[in-house]
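What follows is a single structure, written as structure tokens, with notes after it.
The values are calculated or read from the model by the stated rules, or taken from the named source; none is laboratory data. Source: prediction; values computed, not measured. In this analysis, Cβ positions are derived from the backbone assuming ideal geometry, glycine residues included, and neighbour counts consider all displayed protein chains.
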Amino acid sequence: MRLRRVHVGYDAATMQESKGFKGLVMAQLDTRSSEVGTRVLATASSVKRIADELRSDELSHGAAALADRGAETLERIGSYLGKSNGDMLVRDAERFGREQPWAIATTGIVLGLVGSRMLKASAVSRHRDEMRGSSALTVDSYDEYAV
């Protein structure tokens with residue numbers, strides 16, 4: 001009977017810590033998304049200025065139109081991030097994942113491939129640096145790094 005009370009107390013403490021951690025994560029998400037929203041809006045403003053400069057050149061009207069569309073998209077993203085709170089962002093991400101599961105799977109695959117290529121490139125770079133540092137290259141030391 002006593003063990004049961006301890007177990008219930010442990011569950012309550014764990015749940016309280018979990019709620020505290022969730023609150024901390026949501027607060028950080030709120031702050032960071034607002035910061036990113038502000039930066040994206042500043043970038044949109046810069047892109048608009050670039051579009052205005054491109055419009056002054058007769059040959060660059062197509063590029064100016066493209067820059068305008070990009071600036072409008074950035075403004076929508078920036079305003080969304082600026083006015084969204086953490087719960088709204090998580091809810092929208094969950095909804096997107098349910099509506100577009102293939103997009104989420106494709107994103108995961110692409111990020112995995114990019115990450116593996118980066119790791120391989122850094123390993124090759126480290127291997128070259130190690131080889132330059134050693135004065136004598138022996139067959140044994142080369143076999144150690146052969147892929």
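Values computed for the structure shown
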| item | result |
| --- | --- |
| Long-range neighbours under 7 Å by Cβ, at least six apart or interchain, first residue assigned by TED's automatic domain parsing to the domain that holds A71 within segment 32-43, second in a helix (DSSP H, G or I) and charged (D, E, K, R) | L41/E75 |
| Selection from segment 88-100 of residues that are surrounded by 12 or more Cβ atoms within 10 Å (Cβ to Cβ) and assigned to a helix (DSSP H, G or I) | M88, L89, V90, R91, D92, F96, G97 |
| Among (1) in contact with a Lys or Arg (Cβ under 8 Å, 6 or more places away or on another chain); (2) closer than 26 Å to L24 by Cβ - the single one N85 does not satisfy | (1) |
| Within segment 46-71, tally of residues that are surrounded by 14 or more Cβ atoms within 10 Å (Cβ to Cβ) and closer than 26 Å to L89 by Cβ | 4 |
| Residue that is at pLDDT below 95, part of a helix (DSSP H, G or I) and not hydrophobic (A, V, I, L, M, F, W, C), where the choices are R5, R76 | R5 |
